[in-house]
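Pasting a structure here, questions to come.
The values are calculated or read from the model by the stated rules, or taken from the named source; none is laboratory data. It should be emphasised that the depicted structure is a prediction, and the values quoted were computed from it without experimental measurement. As a convention, Cβ positions derive from the backbone with ideal geometry for all residues, glycine included, and neighbour counts pool all protein chains shown.
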Amino acid sequence: MCHSPQMTDCYFLPDIEGRVDIERALKHLSWRQRQVIILRYLRGFLLREIANVTHLTIERCRQIEHEALKLMRKQMERKYDITK
């Protein structure tokens, strides 16, 4: 189990630039948002497992995930000048 998410958890990703982009985006998140994203996407936890580890409700974990992904998306759009 991952109780203290580390930026180095991203190193299984295939390309260096992708890792750097994700690490940079993760740095803009709060500790709680980073924890939820790492557990969900890098460790493969289900929301109910994250809720159990973090002592939050499943719904709150889902909200945190949504907020974090939104912030990460904004970071990536800025870097690559992506407009909708």
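Residues that are surrounded by 14 or more Cβ atoms within 10 Å (Cβ to Cβ) and modelled with pLDDT under 95, at least 2 per element: which helices (runs of 4 or more DSSP H) completely within segment 1-65 meet that?
Hits in segment 1-65: 16-27.
I need every pair where a residue in segment 53-68 that is without any contact (Cβ under 8 Å) to a residue 24 or more places away in the chain has its Cβ under 7 Å from the Cβ of a residue that is surrounded by 16 or more Cβ atoms within 10 Å (Cβ to Cβ), sequence separation at least 6 or different chains.
Going by the 7 Å Cβ cut-off, the qualifying pairs are Thr54/Gln35; Thr54/Cys61; Thr57/Ala51; Ile58/Leu47; Ile58/Ala51; Arg62/Leu47.
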